[in-house]
1. Please note which strands (runs of 3 or more DSSP E) are completely contained in the range 113-163 and include at least 2 residues that are closer than 26 Å to Gly41 by Cα and outside the structural domain of Met408 (by TED's automatic domain parsing).
2. Among the residues of the range 817-850, how many are part of a loop (DSSP other than H, G, I, E, B) and not charged (D, E, K, R)?
3. Name every residue in the range 177-197 that is of a type in the set (Gly, Ala, Ser) and either free of Cβ contacts under 8 Å to residues at least 40 places away in the same chain or surrounded by fewer than 24 Cβ atoms within 10 Å (Cβ to Cβ) (or both), in order of residue number.
4. Restricting the search to the range 177-209, which residues are at pLDDT below 95 and over 29 Å from the mean Cα position of the chain (by Cα)?
5. Suppose we keep only residues that are assigned to a loop (DSSP other than H, G, I, E, B) and either among the hydroxyl-bearing types (Ser, Thr, Tyr) or touching a helix residue (DSSP H, G or I) at 6+ places or on another chain (Cβ under 9 Å) (or both) within the range 49-69. Which one would you say is surrounded by the most Cβ atoms within 10 Å (Cβ to Cβ)?
6. Do we have Arg449 as in contact with a strand residue (DSSP E or B) (Cβ under 7 Å, 6 or more places away or on another chain) and not polar (S, T, N, Q) here?
7. Please state which of the following conditions Ser445 fails to meet, knowing it meets all the rest: (1) at pLDDT 95 or above; (2) under 30 Å from Asp600 (Cα atoms).
8. Among the residues of the range 94-109, are any of a type in the set (Gly, Ala, Ser) and not in a strand (DSSP E or B)?
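The values are calculated or read from the model by the stated rules, or taken from the named source; none is laboratory data. This is a predicted model, so every value here is computed, not measured. Here the Cβ positions follow ideal geometry from the backbone for every residue, glycine too, while neighbour counts run over all protein chains shown.
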Amino acid sequence: MWKLYSPNHAISFTVFENAEKELWYAVERNGQAAIEQSKLGFESDLEDFTGGFRFVKEARAVVDENYSIPAGKKAVYENHANEMMLEFQCGAYTFVLCARAYDDGAAFRYQVLSNEEKPMKVLREATNFNLAEAYNELWLQHWVNSYEGTYDRTGWEDKEGRDYGMPSLFHADNGGWVMITEAEVYNTDGSYCSCHLRGAGERSMSLEFAPEEMGRPLSCKLPFASPWRVIVVTDDLNELVNTTINYNLNPPSVMEDTSWIKPGRCLWGWWEYMNSAQLYTEQKRFVDYAAAVGFEGLTVDADWDITWLKELCDYAHSKGIVVWLWSAMQYIDTPEKAQEKIPLWASCGVDGLKVDFFQNDSQHTMWQYEMIANLMTEHRLMINFHGSTKCMGEGRTWPNFMTAEGIMGIEHYMWSGLPDARHNCTVPFTRNVIGPMDYTPTGFSNKNRNTTLGHQMALSVVYESGAAHIAASIYYLEAWKGTDFLRRMKPVYDEIKVLSGFPGHHAAIMRRSQEDWLIGCITDEAMILRLSMDFLPEGEFEADIYEDDYSGELMKVKRIKVTSSDVIELPLLKGGGAGIYITKEISDLPKGICSGYMSDARTEYLATAGQTRQGSEPVVYENEQEAVLLNGSLVFSVKTTDTPHTIRLFYAATEPWTLRVSDGINKVDMAMPQSGSNKIFMTKDVIFPFSGGECALVLERIAGTVPALERIHIIDNNPPREWYVPVGKGSLSGGAEFVLDAAGAEKVTGLGNGGELKFDRIMVPRDGYYLMRFDYCAGESRDLSIELNGGAHTYKTNLHSTAGWGFPVWDIKDQREIRIWMQAGSNTFRLYHDEGRAVHIYGFAIIADE
C-alpha cells in the first residue's frame, strides 16, 4: 500500500495491490471516504496493464508554483500538490502510475516508459470510480457530442450501462462534494480521445472511450502518457468553484508575450437577427455601440463576407474594439485548409476565431483541436471553440483560449423551452467549474425565454467566460436599465466567491476586480436571498442594486450604503435574479467613443414632454419609468438643419405596428417591429429628410398595436447615401423570369445555370468602393456571381438561407452586403451563377462606403 497526502493533509490518495497483482486506489478527505477502492490500469495490444505488476521503485516530488492566465476565474492559480510516481514492471514494459494530491482533490495518470518510439493500441481503460456510501445525490448529463444537455439531479438507480458526460457531480449526505473529470487531452498531438463515464453498478462509474471510436482501439505510441483522471473533493461549493486542478495538470504555456490577448465583453448580433453577419453596416453599428458604452469586442457570426472583413477590422480597431470571426471547423479541419484560411483572416485584422461544429470526442478530433489552436496561436488569434467538447484545462497551455461552448446556452431558446432556471442554477457548480463557458447570457426578447430580466442580467456575472458574449442586441441594450450593470462588469476578475447557492436551486456569485465587487444572483424558485457583506474590507461602501419589478419584465435600481457587517436581503421571483455593484464611491459611467451610429450629436426628447393627440396618453411603470401610449399621435417642437437626420425611437410593443413621421412638408412611413413585451423597450431608427429650421414633428401610429413610446433622439449623424435598383430595371436572359411574390412584390427567379439579370447605367458620383446590398429570399444558401463593367471586377458571394430554423420556404426576405469597386458615372452589372441555381432577387441598393 502506498499513501499520498495533499500539502495540508486534507486529501489522501492511497494505492493498493491485491493478491492478483492488480492496482486499486481510494481517495479520502479528512479521513472520510470519497472514492472507495477502485480499479486502475488499461489494456493494450502490447501488454495487459491491469495486473501482473511487479513493484520496482517509488519517487516523490512537490509541485509548488503560482501562475496567471490572461482570462480566468481569478488572478492567481495556485498549483500546489504532492506527487507520487510508482514504477512497476509489467511483462516486458515499465509501467508508471503518477498521482498528485491537491488540497481540493487528487489526480492520476498512466505512463509506459520507453527509450524508443513504438506504436501501441489502447484497447480499453479499466479505470473506474466507486463513490463512497455517503454520495447519494448526483448531477449527471446524459452524454451528447455537443455537451449541450442539462445536468439532471438524480440518484443511483437505473444508471448501469448508461453514458454520462464529464464533469459529473456527486453530493454526500454529510455535505461533501466530489467532481469527476479529466485533464490534458487535446493538447497532446491527438494521443487520446476525450472520455466519458458509464454507470457500472451501485455507486460506480467506469471510464469509457468516445462513442465515435465505435469500439476501435486508440492508436498511441511509446513512450505513452494517458490523460489525467481528476477527482475534485471539497467540503463546500465555494471551494469546488475555485478549484483549478484541471488547469494545473496541463503543461504551462511557452508564450512569452500575451499582451495581444484581449478578454472582455462582446456584442453579438446573431441572437436577435440570425443573418446579421451578412451586413457590413450592421456590424459597424455594433462596433459603434461597443465603443460608446465601453465593451471590448464584437463577434461576427456565420455568413460574413470577405470583401469587407479587413475594413470592418480596421474600423473596429480604430475604436479599440477586437473582432471575433465565426468559422465552421470543417472549413479548417485539415492543415492544408487551415494554412490557407487562418493566416488570411489574421492578415485582415481578425483578433479571434469562434470555431464551430466539432461535436466529436474522437482521437482524431482531439488532434484537430490542437492543430487549429496551434495555428491560431502562431497568428495571434484568440480561441473560442463551439459545438465542442468539455474544457480540460488546456487554457493553461494556450493562454489565448478565452472560452468554449460545451454548454446548453441561450441559443436553445430558438427551438426549445430550455435552458430553464434550474439548469442555469446548476451549471455554475458543474460545467463552469472546469473552464470558461460561452453560454451567451443576457437575452430577453425571445418568446421561449422562461426567466426574468433580472435573472438574464445576472447571468453575465454568475458565469465565467474570457469572451463574455451578450446575447441581447444593441437595439435592446440602449433602451434597457440593466445595461448599466453590464457596463460595470470587468474584462477579468481577481477573485471569485460563492456567497450562497445549491445546484439547481440558486446561485449567488461574487466577482472582485481590485476595489470593485459585482454580484450576480439567480434562482429557480421564489425566495428571500440574504447575502452577508463580510467579504468587504473595513469602511463604508456604495452599492447599486438591480432588481426585478413584480412582473420580472422591468428592472428597478436603488443605491444604498453598505459595510462588512451588513446583510442585503433580496426578494427574488420564481426564475428571477438580481445584480449588485459595490465600490467605495460610485461614479458616473465613463463616456466612450461616440460616433457613427452612436454619435453624440443628438438631442433627446422625452415622450412625456410632447403634445399628445388623438387619444395618446401617458403611462407610468412600476419602476417609475414614464412613457406615452401612442394611441394616436405625439407632437414635438424641434429645430434642425436641412439635411437627413436619424430619429431613434425608444418604445415597447407587443406586436408590429406602423409609424408615420411628418413635419408638414415631408412624410415617412415605417414598419416597426414588436419588442417582445409591453414592458421591454427597444430602439428603431427612421431616416427623415428635415427641411431645416423649426417644425412640428408628428409621430403617428397609423396601423397595428399601440406602442409605449419612452423618448426619441434626433441624431445628426449623416446617414449614408443610398441608390436603390429594383429588379424591374434590369433585363433577363437564359430562362430567368420576373414573378410576383405573395405580397405582390416583384422578384427574379431562375438565376444561374444560364439565367442572368443585367443592368445598364448604374450611376455613382465618384470612383471608389461602395456597398451592394441585396434584397433576396432563399430556402437554402446559394452562391451568386456579380460582374461589373464587362468583367473589370467580378465577385462571388454566398447568400444564406432566409428560412431560419424552419421549413426551407422561399418567401422570407433578407439582405446581404458585399463591398465592390465602381467607377464614376455609369456602371453595368451582370448577376449570374455558372455552378447551379442562385437565390431569388428583389433588387439591390448601392451605398456610399464613407
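1. Numbers: elements: 118-125, 128-131, 135-142, 152-154.
Result: 118-125, 128-131, 135-142.
2. Of the residues in the range 817-850, 9 are part of a loop (DSSP other than H, G, I, E, B) and not charged (D, E, K, R).
3. Ala183, Gly190, Ser191
4. Within the range 177-209, Gly201, Glu202 qualify.
5. Checking each candidate, the answer is Ile69.
6. Taking the combined requirement at face value, the residue does not satisfy it.
7. So the condition that Ser445 fails would be (1).
8. no
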